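Chemist: Sharing a structure, written as structure tokens. Questions coming.
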Amino acid sequence: MMRAMDNLPCERRRTRLLQAASVALMIATPCIARAADSVGPPSAFVVRVLGDARLIGSGLYRWWGFEVYTAALWVGPRGINPAQLTDAPFALALRYARRIKGRDIADMSDLEMRRLGMGTDDERAAWLQRMRAIFPDVRDGDVLCGVFDTDAPGGPQTTFLFNDRPIGRIAGDAFACAFFSIWLSPKTTAPALRAALLARAQTMP
């Protein structure tokens, strides 16, 4: 198989490898745990956006026995409606346990959004460009957090934090719905992790 892939153009081969990695990471049976202590408390930025930040679920995600990241979902007083993700502010934090390149995080996110059928071709191309510019390389202990703010100046937007420091923003409800659906959509390829993250949500279809 590797010899066949060696004959593919470089970018096409990279896409194939990313697709394989994306599927492997998302369909592998996760080990769910109460993992809030691993992620840590919400940052000052998260508290400022959400108000009374409340943890509603967390999970430890493993692939073939290796820990990939710990996820935690924070909401404000309005909670979260998985069927209408952009109705209220929330934050999803991932504490990584492995080295992963930022470009690969962006590309795998793009592949999952395409699989879910989220956004138009033009929207996804613009989102991918922004994610590649924003997402840093991560290593063990780093925390990447996406904070969706319904009331941000200029309109709804998602702010990304790296180790509690804002590193970039992407505007619009459409991006937020597409990106966070990777974990929170009923069509996610990691349903057990979704259930753990939404464990204490007010509504969960």
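The values are calculated or read from the model by the stated rules, or taken from the named source; none is laboratory data. Since the structure is predicted, the reported quantities are computational estimates derived from the model, not experimental observations. Please note: Cβ atoms are built from the backbone with ideal geometry, for glycine as well, and neighbour counts cover all protein chains shown.
Chemist: Pick from Asp149, Asp122: which is more than 14 Å from the chain's Cα centre (by Cα), at pLDDT 95 or above and surrounded by 20 or more Cβ atoms within 10 Å (Cβ to Cβ)?
Modeler: Going through Asp149, Asp122 in turn, just one is more than 14 Å from the chain's Cα centre (by Cα), at pLDDT 95 or above and surrounded by 20 or more Cβ atoms within 10 Å (Cβ to Cβ): Asp149.
Chemist: Assuming Gly168 fulfils every condition listed in (1) buried (at least 16 other Cβ atoms within 10 Å of the Cβ); (2) touching a strand residue (DSSP E or B) at 6+ places or on another chain (Cβ under 7 Å) apart from one, which condition is it?
Modeler: (1)
Chemist: Okay, moving on. Just to be sure, is Ala97 touching a Pro at 6+ places or on another chain (Cβ under 9 Å) and surrounded by 19 or more Cβ atoms within 10 Å (Cβ to Cβ)?
Modeler: Here the answer is no, as Ala97 does not meet what is asked.
Chemist: Let me ask another. Could you list, in sequence order, all residues of the range 160-188 that are among the β-branched types (Val, Ile, Thr) and within 16 Å of Ile105 (Cα to Cα)?
Modeler: Ile167, Ile170, Ile182
Chemist: Name the residues in the range 136-160 that are within 15 Å of Tyr69 (Cβ to Cβ) and in contact (Cβ under 8 Å) with a residue 40 or more places away in the chain, would you?
Modeler: Those that are within 15 Å of Tyr69 (Cβ to Cβ) and in contact (Cβ under 8 Å) with a residue 40 or more places away in the chain: Val138, Arg139, Asp140, Gly141, Asp142, Val143, Leu144, Cys145, Gly146.
Chemist: Kindly indicate whether any position in the range 103-120 is part of a loop (DSSP other than H, G, I, E, B) and of a type in the set (A, V, I, L, M).
Modeler: Yes; the residues of the range 103-120 include at least one that is part of a loop (DSSP other than H, G, I, E, B) and of a type in the set (A, V, I, L, M).
Chemist: Something else about it: Hey, can you tell me all the residues within the range 72-91 that are of a type outside the set (Phe, Trp, Tyr), out of contact with any helix residue (DSSP H, G or I) (no Cβ under 6 Å at 6 or more places or on another chain) and buried (at least 21 other Cβ atoms within 10 Å of the Cβ)?
Modeler: Result: Val75, Ile80.
Chemist: What residue, among those in the range 47-71 that are of a type in the set (Val, Ile, Thr) and crowded, with 20+ Cβ neighbours inside 10 Å, is modelled with the highest pLDDT?
Modeler: Val49
Chemist: Going by the structure shown, is Val143 touching a strand residue (DSSP E or B) at 6+ places or on another chain (Cβ under 8 Å), buried (at least 20 other Cβ atoms within 10 Å of the Cβ), over 21 Å from Leu198 (Cβ atoms) and of a type outside the set (D, E, K, R)?
Modeler: So Val143 does not fit the description; no.
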